[in-house]
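A.B. asks: One structure, pasted below without further comment.
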Amino acid sequence: MAVEESESVIGELEREENLIAAVRNIVKALGPNKTLTSDAKKVLADLGTRLSSMSLPSEKEEGKLGHGGDDGDDHVGGGDHDVDDDDQEEGVSAIEERLSVIQEKIMRWEEDQSMIWDLGPEEASEYLNAANEARRLIEKLESLHLKKEDQEYKFMHRAYSVLQTAMARLEEEFRNLLIQNRQPFEPEYVSFRSSEEDAVDENSIVSIGDESVEESLQRDSVSRASEEHIIHLVHPAVIPDLRCIANLLFASNYVQECSNAYVIVRRDALDECLFILEMERLSIEDVLKMEWGNLNSKIKRWIWAVKIFVRVYLASERWLSDQIFGEGEPVGLACFVDASKASILQLLNFGEAMSIGPHQPEKLFRVLDMYEVLADLMPDIDVLYSDEVGSSVKIECHEVLKRLGDCVRATFLEFENAIATNVSSTAFVGGGIHPLTKYVMNYLRTLTDYSDILNLLLKDQEEEDGISLSPDMSPGTEEDSRSQGSPSRVSSMALHFRSIASILESNLEEKSKLYKELSLQHLFLMNNLHYMAEKVKGSELRLVYGDEWIRKRNWKFQQHAMKYERASWSSILNLLKDEGIHVPGTNSVSKSLLKEKLRSFYFGFEDVYRIQTAWVIPDIQLRDDLRISLSLKVIQAYRTFVGRHNSHISDKNIKYSADDLQNYLMDFFEGSQKCLQNPHRR
C-alpha cells in the first residue's frame, strides 16, 4: 500500500510538472507580443475561465493519496500493512529524488545575490513552481499521518526547511517588486501655488482697509476638482507576479510575513506622497505656536493636499491592495488600513490642532474651508474604511470633523463678541467709514459662501443648547425680524447675521459720541449706515437680511443726513432771514444791520468750509446727493436774501457770489482741508 501511496504522490507531481511545462511554452510563445488575434484572445480567455473555476482539493481528498481503505489513519511504514520492503524503498526513493530536485532549484538561488524576478519570467516561474511543489509535497506527506520513525517523516521536515527558505526568498522578492516598480507621482496632482500675502493681521479685527479686507477674505474654492481618480502606484505589469507570490505565501501559511512586507513598503510610499505634497509632520504644539501668516499658508495647502490624498492616492492604494490580495478580501483590507492609517491620521492631526487652537475671527474662513473639504470627503472615507478593521480610522475622521464644526461655532460667536467689545479711544478722522464697519460687512458677505454649512452648524448648536430661536428672539429690532418673512422661513444664519448688524450699529453709536461736533456725529453714522445698506443690497447678503432691512437702514442714514444739515447749517441759514434787520420802530431796513448779517453769514460759511472740507464722504453718489441738497438750501437762501435786499447792499459788501458759493460747496467732504481767504479765489 505504501508503494501505491508514494507512486500516487509522484504521479500527481509529474502531472503537475507537465502542466507547468505547457504553461511555460504558452508564455514563451507569447514572447514580447503586445497584440493578440481574436482567436488567441478567446482561447486564453477560456483558459482563464477554466482556471478561475478550479480549486485546491480538500485536505481529505488529498489525504487519501491512493489509500486502499477508508481508514484515514493508515500511514507509510505502519505495522498493519503487508508491503514488500523493496517496493516501499522504491517509493521512498522516488519521494527523496523528487525532494532533492525541488531543493536544488530552491537552494541554488541562496548562493546568487540576484533578484530572481529581475532575470526574467522563466526563472521566476521556475522558482515559483518549485516552491509550490515543496508546499504540495508537504501537504501530501502531512496527509499520510506519518510517525517519527518513518523515513517519509524525515523527508517532510526536510521539505519544511526547503519551503521556509523559499518563503523567505519570496517575501524578499515580493518586497523588491513593490519597491522597484513604484510609479512616480503624477505631476498634475502635485502642483500647488500658495501665497502668504493675503494673511489677515491677527492682532486686530480692524487693522486693515476695505480693499485688503475684501482681498484677505476671498474664499478659496473648495470644489470637487479632485474627483476620485485611480492611478497606478505600482507598475501594472508586475501586479500578476505580486498576486502569484502573495497567493503562494498565503497558501503556505505565511500570511503575516507577506502582509508585513506589503504594509512596510506601502506605508513608506504614502509617507513619501505626503512629503511630495509638502505636508509636514507637525505636532499640535507646533501648529498652536505658528504665526498666522505661515499657518494660513499651511491650511490652504492642507485643504488642497487632503483632497488629492484621499480621492487619488488612498483610492489608488485601496485599488492596489484589491488587485494583489483580491477585492474585498479581509487580508487586503487589513493591509490597506495598516499601510494608510499613519498617513491619514497625520493629516487629521493638523485638523485637530486647528480645532483646539484660539478661536480668532480671522481664522474662521480657513476652518470653514477645512470643515467643508473634510465633510465633502467623508463619503469617500466611509467607503475606503468600510470594514470593521478600518472603523477606528473612520471614527477618528468623524471626530475631527465634529471638532472642526465646534470650532466654527465657537469662532463665529467670538466674532460677534469681538464686534461688541471693540472699543475706540479716539474718533475716526473725517467721519468716514470706520474700519470695523468695512471688516464686519465684508466678513459677513464672505460668510454667505458658506450658508449651508453655517446654517447646519448654528442650527445644531441651538438644538444642543435646547434653544428654539424665533425671529423676535433675535437681538435685532422687530422690523429686522419681519424682513425675511414668517418665523419658520428665517434661517439660523440669518438670525445671527441680523444680531451682528445690530451689535455693529450699537458699537457705531458709541463711536460717534467721540466726536465733539454734533454734525460730524451724524455724518459718521450716515456714512456707515449707508455703507452697510449698500453692502447688503449689492451682494448675497440681500437674501439674508431682506429688502425691509435695507429700507430701514436707508431711512436711518437719510435721517442722519437731515440731522447733519440742521446741526451744520441752521444757525448760518438763520442769518439769511429778515428778522433783526429793520430800524427799531420802523419798517426801514438798516443797512448796517444788513451788512452785519452778511458779514456773519460769510464768516459762518468760511468756518464751515474750513472744517468740513476735511470731512469725508467716501461714496461718490452719497457725496453728490448731499452737496445738491446743501446747494438747494444754502445757495437758494443766499440768492433770495441778496436779491430781496439788493437796493440796500452795495457791491463792496458782496464778498461771494452765489456761483462762488456753489463752487465752494463742491470742495466739501473730500477729506482735504481748505481755507477761504479772498473773494473769488479758492
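The values are calculated or read from the model by the stated rules, or taken from the named source; none is laboratory data. A quick note: this is a predicted structure, and the numbers were derived from the prediction, not measured. Positions of Cβ are generated from backbone atoms using ideal geometry, with glycine treated the same way; all protein chains shown enter the neighbour counts. What goes into the accessible areas is simple: the full protein's heavy atoms, side chains included, and nothing from ligands, DNA or RNA. Shrake-Rupley method; radii C 1.70, N 1.55, O 1.52, S 1.80 Å.
A.B. asks: Taking segment 266-421, how much of its Cα-Cα pair set, in percent, is spaced more than 28 angstrom apart? Let's see the in-between values first.
C.D. replies: On the way: 2821 of 12090 pairs.
Counting pairs separated by more than 28 Å, the tail of P(r) holds 23 percent.
A.B. asks: Scaled to the compact-protein estimate 2.2 N^0.38 Å, what is the alpha-carbon radius of gyration of segment 94-181, rounded to two decimal places?
C.D. replies: That works out to 1.18 for segment 94-181.
A.B. asks: OK, next. With every protein chain kept in the model, how would you rank HIS648, HIS530 by accessible area, 1.4 Å probe, largest at the top?
C.D. replies: On the way: HIS648 65, HIS530 20 Å².
So the residues, ranked largest to smallest area, are HIS648, HIS530.
A.B. asks: Take every Cα-Cα pair in segment 561-667 and report what % of them are more than 24 Å apart.
C.D. replies: Numbers: 1517 of 5671 pairs.
Every Cα pair in segment 561-667 considered, those over 24 Å come to 27 percent.
A.B. asks: How high is the FRET efficiency between ALA251 and ILE284 when r is their beta carbon distance and R₀ equals 41 Å, given to the nearest 0.05? Kindly include the intermediate steps, with their values, before the conclusion.
C.D. replies: Details: r = 45 Å, r/R0 = 1.11.
Plugging the Cβ-Cβ distance into 1/(1 + (r/R0)^6) gives 0.35.
A.B. asks: Computed FRET efficiency, Cβ-Cβ of MET107 and ILE395, R0 41 Å: what is it to the nearest 0.05?
C.D. replies: Once the sixth-power term is evaluated, E becomes 0.25.
A.B. asks: Sticking with this structure for a sec: Considering the dipole of segment 561-667 built from charges on the beta carbon (Lys and Arg +1, Asp and Glu -1) around the Cα centre, which of TYR602, TRP615, SER650 is farthest to its positive end?
C.D. replies: SER650
A.B. asks: What's the local net charge at GLU509, with K and R +1, D and E -1, over the other residues with C-beta under 14 Å away?
C.D. replies: Details: positive: LYS511, LYS513, ARG553, LYS556, LYS563; negative: GLU505, GLU510.
Net local charge, GLU509 excluded: +3.
A.B. asks: Regarding segment 489-544, what is the average projected area of its C-alpha convex hull, in nm²? Write out the running numbers ahead of the final one.
C.D. replies: Numbers: hull surface 15.8 nm².
Quarter of the Cα hull surface area: 4.0 nm².
A.B. asks: Computed over the Cα atoms of segment 498-637, what is the convex hull's projected area averaged over all directions, in nm²?
C.D. replies: The Cα convex hull of segment 498-637, projected and averaged over all directions, gives 10.5 nm².
A.B. asks: Same structure again: Could you sort PHE524, PHE428 by their accessible area in this structure, using a 1.4 Å probe and putting the largest first? Walk me through the numbers before you get to the answer.
C.D. replies: Working: PHE524 0, PHE428 70 Å².
Largest accessible area first, the residues go PHE428, PHE524.
A.B. asks: Of the heavy-atom accessible surface of segment 266-421 (probe 1.4 angstrom), what whole percent is carbon and sulfur? All intermediate terms of the calculation are to be shown ahead of the outcome.
C.D. replies: Values: 2790 of 5490 Å².
So the carbon and sulfur contribution to the accessible surface is 51 percent.
A.B. asks: Quick check for me: using +1 on Lys/Arg Cβ and -1 on Asp/Glu Cβ, what's the dipole size of segment 254-379 about its Cα centre, in debye to the nearest 20? Could you put the intermediate results ahead of the total?
C.D. replies: Details: 13 positive and 19 negative charges, 65 e Å.
Dipole size: approximately 320 debye.
A.B. asks: A further question follows. About its Cα centre, how strong a charge dipole does segment 94-181 have in debye, to the nearest 20, once Lys and Arg get +1 and Asp and Glu get -1 at the Cβ? Each step should come with its number before you reach the end.
C.D. replies: Numbers: 12 positive and 19 negative charges, 79 e Å.
Charge dipole of segment 94-181: 380 debye, to the nearest 20.
A.B. asks: Within the set of other residues whose C-beta is less than 15 Å from the C-beta of ILE284, count the net charge using Lys and Arg as +1 and Asp and Glu as -1. Mind showing how you got there, number by number?
C.D. replies: Numbers: positive: ARG281, LYS289, LYS298, ARG403; negative: GLU280, GLU285, ASP286, GLU352, GLU396, GLU399.
Around ILE284, the surrounding residues sum to -2.
A.B. asks: Something else about it: Would you please give the FRET efficiency between THR421 and ASN574, computed as 1/(1 + (r/R0)^6) with r the Cβ-Cβ distance and R0 = 51 Å, to the nearest 0.05? Present the calculation step by step, with values, prior to reporting the outcome.
C.D. replies: Values: r = 43 Å, r/R0 = 0.84.
Calculated transfer efficiency: 0.75.
A.B. asks: What is the sum of charges, Lys and Arg at +1 and Asp and Glu at -1, for the other residues whose Cβ falls under 11 Å from the Cβ of PHE524? Intermediate results must be reported in sequence, preceding the final value.
C.D. replies: On the way: positive: LYS511, LYS513; negative: GLU509, GLU517.
Around PHE524, the surrounding residues sum to 0.
A.B. asks: Related question: What does the accessible area of THR640 come to, in Å² to the nearest 10, when a probe of 1.4 Å is used?
C.D. replies: Here the residue's solvent-accessible area equals roughly 60 Å².
A.B. asks: Can you send over the carbon and sulfur percentage of the accessible area for segment 561-667, probe radius 1.4 Å, protein chains only? Mind dumping the intermediate values first?
C.D. replies: On the way: 2990 of 5500 Å².
Its accessible area is 54 percent carbon and sulfur atoms.
A.B. asks: Between SER100 and GLN558, what is 0.36 nm times their sequence separation minus the Cα-Cα distance? Round to one decimal in nm.
C.D. replies: Numbers: separation 458, 0.36 × 458 = 164.88 nm, distance 10.49 nm.
Contour length minus Cα-Cα distance gives 154.4 nm.
A.B. asks: Run the quick spin-label model on ASP322 and SER451: label points 7 Å from Cα toward the beta carbon, then report their separation in nm to one decimal.
C.D. replies: 3.8
A.B. asks: Now, a different point. Just read off the accessible area of MET107 with the full protein assembly in place, 1.4 Å probe, to the nearest 10 Å².
C.D. replies: 70
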